[in-house]
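Here's the structure we're looking at; comments come further down.
Read the figures in this text as sums done on the coordinates, not as results from a lab. Keep in mind that what you see is a predicted model, and the values were worked out from it rather than measured. Here the Cβ positions follow ideal geometry from the backbone for every residue, glycine too, while neighbour counts run over all protein chains shown.
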Amino acid sequence: VNTGADAVYLGLSNFSARSSAVNFSHEDAEKGFSYLKQRGKKGYVTINTLVKDNEFNRLKEEMKFLAEIGADGIIVQDWGVAQLIKDSAPELAVHGSTQMTVHNLEGVDFLKEKGIERVVLSRELPISDIEHIKRNTDCELEIFVHGALCVCYSGQCYLSSFIGERSGNRGKCAQPCRRAYSMGDKKGTLLSLKDMES
């Protein structure tokens, strides 16, 4: 914020795709949103994991809390969460996470029709596809310009879940695609995309 950001994303202790990070407690989130509002900035919360049936009551309480402290919107992966927000905290904007794997104009149009205000496009999209989507929609778009690229399509990887019972779609990816493997006479990080390496 002090160096020019107009918005901040943050995750709470639950339902964030970075479950192993030191995320915001309710008390910290309340202080954070107060700080943002005093400076005319926006704050969004990541609820970008798949949610189990027995977690929806707790999530409903989280939505009410976020609306009360002035969150501007929620980034979601799960359609059930998007509907829950519409029902329990309609004042919160809903953004479609990159975990939704939206990779074409039809996907953006579909989400917009369902009330999603901003779509975070799949990380693996080439610039030509992003340009085509942007030219043909008035939906807000967001893209990643830096960060890890998974070996799989955004939101569609089950490798960590199958190998170590730690699902990336529950915020617990162990990043097995970054590890060393051997196949025949080849050895090394065979699945790694070596992102950001020239």
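How large are Rg and Dmax for segment 1-144 when calculated on the C-alpha trace, in angstrom?
15.2, 43
How long is the gain from Glu113 to Arg135 if the chain were fully straight, where each residue apart is worth 0.36 nm and the alpha carbon distance is subtracted?
6.2 nm
If I take R0 = 35 Å and measure r between the Cβ atoms of Ile163 and Arg39 in this structure, what FRET efficiency does the formula 1/(1 + (r/R0)^6) give, to the nearest 0.05?
Step by step, r from the Cβ atoms, then E = 0.20.
Describe numerically, in nm with one decimal, the distance between label points set 7 Å from Cα along Cα→Cβ at Arg179 and at Glu142.
So the two model labels end up 3.1 nm from each other.
Leaving out same-chain residues fewer than 8 places away, which lysines sit with a Cα under 27 Å from that of Lys31?
Filter leaves Lys41, Lys42, Lys60, Lys64, Lys86, Lys172.
Given 0.36 nm per residue, what is the gain on full extension from Glu30 to Asn57 after removing their alpha carbon distance, in nm?
In short, 7.6 nm is gained.
Can you compute the modelled spin-label distance between Glu106 and Leu191, with each label point 7 Å from Cα toward Cβ, in nm?
Roughly 2.9 nm, to one decimal.
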